[in-house]
Amino acid sequence: MKVLTVDKGSDFDAAFQPLARERVDALVVTTDPIFESQRDRIVTLAAQHAVPTIYALREYAVAGGLMSYGASISDVYREAGLYAGRILKGEKAADLPVMQASKFDLLINLKTAKTLGIAVPPALLALADEVIE
């Protein structure tokens, strides 16, 4: 396993160079504000270098990334709203339980899989919450 770090948007081109040279099997992109600001660039670089990539947010798969698996952001926002509502109604934040995401979404972009020459197993497709064709 290799961990790549970037500090600014211009670092992404350099970060992908060793991935291409070493022909890595896959890349995992986590959530980070700098990644979000460079979403299209990351998806484009992964495609240019033919690196199968899984992302933590669905927007990457929608933008052309291979797949995403992560907490349902709409569900997280809904839960945050309910939590805020409880506080506004007088409950003390310190008395409320710690909340964790409970719904996760798996998106698979079949168009990208075909471009990369990856055959997605039917069992994995059956588990997907959304398949982009």
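Where does the charge balance sit around Lys8 when Lys and Arg score +1, Asp and Glu -1, over other residues with C-beta under 13 Å from its C-beta?
Numbers: positive: Arg41; negative: Asp7, Asp11, Asp13, Asp32.
Result for the local shell: -3.
Within 14 Å, Cβ to Cβ, of Leu125, how many net charges do the neighbouring residues add up to if Lys/Arg are +1 and Asp/Glu are -1?
On the way: positive: Lys111, Lys114; negative: Asp129, Glu130, Glu133.
Computed value for this residue: -1.
What FRET efficiency do you get for Thr30 and Glu130 if R0 is 22 Å and r is their Cβ-Cβ distance, rounded to the nearest 0.05?
Numbers: r = 20 Å, r/R0 = 0.93.
About 0.60, to the nearest 0.05.
Helix-only estimate, please: 222 nm mean residue ellipticity of the chain, summing -39500 (n - 2.57) across DSSP H runs of length 4 or more and dividing by its residues, to the nearest 500. It would help to have the intermediate numbers written out before the result.
Values: 7 runs with 61 residues, N = 133.
My calculation for the chain gives -13000 deg cm²/dmol from helical runs alone.
Scale the Cα Rg of the stretch 1-102 by the rule-of-thumb value 2.2 N^0.38 Å and send over the ratio, two decimals. Each step should come with its number before you reach the end.
Values: Rg = 17.7 Å, N = 102, 2.2 N^0.38 = 12.8 Å.
Taking the Cα Rg and dividing by 2.2 N^0.38 Å, one obtains 1.39.
To check you understand DSSP bridge types, tell me what percent of the beta bridges within the chain (both residues inside) are antiparallel, rounded to 5. Mind dumping the intermediate values first?
Values: 5 of 13 bridges.
Of those bridges, close to 40 percent are antiparallel.
Run through the stretch 20-64 and list the trypsin sites (Lys or Arg not before Pro) located in a DSSP loop whose Cβ has at most 15 other Cβ atoms within 10 Å. Walk me through the numbers on the way to the answer.
Working: sites: Arg21, Arg23, Arg39, Arg41, Arg58; in loops: Arg23.
For trypsin sites (Lys or Arg not before Pro) across the stretch 20-64 that sit outside H, G, I, E and B with at most 15 neighbouring Cβ atoms in 10 Å, the list reads Arg23.
Springs between alpha-carbon atoms under 10 Å, Gaussian network over the chain: tell me which of Val29, Val62, Val120 tops the mean-square fluctuations.
Result for the chain, Cα springs under 10 Å: Val120 fluctuates most.
Can you give me the angle between helix 39-48 and the longest principal axis of the chain, using Cα atoms only, in degrees from 0 to 90, rounded to the nearest 10?
Value to nearest ten degrees: 30.
Quick check: net charge around Val62, other residues with Cβ under 15 Å of its Cβ, Lys/Arg +1 and Asp/Glu -1? Before the final figure, lay out the partial values.
Details: positive: Arg39, Arg58, Lys111; negative: Glu36, Asp40, Glu59, Asp105, Asp129, Glu130, Glu133.
Its environment carries a net charge of -4.
Read-outs throughout are calculated quantities, based only on the coordinates presented, and are distinct from any laboratory measurement. These figures come from a predicted structure and were not determined experimentally. Heads up, the Cβs are rebuilt from the backbone with ideal geometry, glycines too, and the neighbour counts pull from every protein chain shown.
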